[in-house]
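Undergrad: The structure that follows is given in the form of structure tokens.
The values are calculated or read from the model by the stated rules, or taken from the named source; none is laboratory data. All of these numbers come straight from a predicted model, not from anything done at the bench. Reconstructed Cβ throughout: ideal geometry from the backbone, glycine too, with neighbour counts over all protein chains shown. What goes into the accessible areas is simple: the full protein's heavy atoms, side chains included, and nothing from ligands, DNA or RNA. Shrake-Rupley method; radii C 1.70, N 1.55, O 1.52, S 1.80 Å.
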Amino acid sequence: MITGLSHVSIVVPSLADAARELERKYGLKIGKIEVNEQQGVRLAYIELGNAKIELMEPSRADSPVAKFLARNPRGGIHHFCLAVDSVDGASASMKEAGVRVLGDGTQKNVHGERIAFVHPQDFLGALVELEEREA
């Protein structure tokens, strides 16, 4: 079911400013900036070997990330993402255990992988993304 940690996602007011700060302070470099139209975000990853840091900024005012930034103007951790072998299988198992899974598995990330989310109240207060990864 869960196969590993994929990434930790941080919402930032500006990808460009965040990239400059992370490179200057920590020597971290972001990858290519991409847009997920479905989720209304611009994002880039910092590859760390066994996991990634995802930086997101809103690409439109009505996106969930824009609403998060309105409540947290300086940004902050938005969610962490667990890799799963099957979004459908993981969702079904979790639902059987009483977990609220948000989404029906039709959402996709910028790489075309199927995703869903676990309600924060069902994972110790943290929003969790489930990302389908082929073995």
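Undergrad: With the structure loaded, tell me whether Leu124 is open to solvent by 50 Å² or more (accessible area, probe 1.4 Å) and either under 12 Å from the mean Cα position of the chain (by Cα) or among the aliphatic types (A, V, I, L, M) (or both) or whether it fails that test.
TA: Yes, satisfied.
Undergrad: Identify the residue in region 1-15 that is in contact with a Gly (Cβ under 8 Å, 6 or more places away or on another chain) and assigned to a strand (DSSP E or B) and, among all such residues, is least open to solvent (accessible area, probe 1.4 Å). Walk me through how you get there before you give the answer.
TA: As a first pass, look at region 1-15 and keep what is in contact with a Gly (Cβ under 8 Å, 6 or more places away or on another chain): 1, 10-13.
With assigned to a strand (DSSP E or B) added as a condition, the list becomes 10-11.
Values: Ile10: 50, Val11: 1 Å².
Here the answer is Val11.
Undergrad: Does Val101 meet the test of being in contact (Cβ under 8 Å) with a residue 40 or more places away in the chain, open to solvent by less than 50 Å² (accessible area, probe 1.4 Å) and touching a helix residue (DSSP H, G or I) at 6+ places or on another chain (Cβ under 6 Å)?
TA: No; evaluated as a whole, the condition is false for this residue.
Undergrad: Give me the strands (runs of 3 or more DSSP E) completely within region 16-135, filtered to those with at least 3 residues that are among the hydrophobic types (A, V, I, L, M, F, W, C), ordered by residue number.
TA: By residue number, 41-47, 52-58, 76-84, 114-118.
Undergrad: Still on this model: Open to solvent by 40 Å² or more (accessible area, probe 1.4 Å) and over 16 Å from the mean Cα position of the chain (by Cα): does that describe Arg71? Outline the logic, then answer.
TA: Working: open to solvent by 40 Å² or more (accessible area, probe 1.4 Å): yes; over 16 Å from the mean Cα position of the chain (by Cα): yes.
It is true that Arg71 is open to solvent by 40 Å² or more (accessible area, probe 1.4 Å) and over 16 Å from the mean Cα position of the chain (by Cα).
Undergrad: Also, I was wondering about something else. Counting only residues that are under 23 Å from Tyr45 (Cα atoms) and of a type in the set (A, V, I, L, M), which one in region 81-98 is most open to solvent (accessible area, probe 1.4 Å)?
TA: As a first pass, look at region 81-98 and keep what is under 23 Å from Tyr45 (Cα atoms): 81-87.
With the extra rule that they be of a type in the set (A, V, I, L, M), the set shrinks to 82-84, 87.
Values: Leu82: 22, Ala83: 5, Val84: 0, Val87: 1 Å².
Selected residue: Leu82.
Undergrad: From the residues in region 43-65 that are without any contact (Cβ under 8 Å) to a residue 40 or more places away in the chain and surrounded by fewer than 17 Cβ atoms within 10 Å (Cβ to Cβ), which one is nearest to Asp17 (Cα to Cα)?
TA: Ser59
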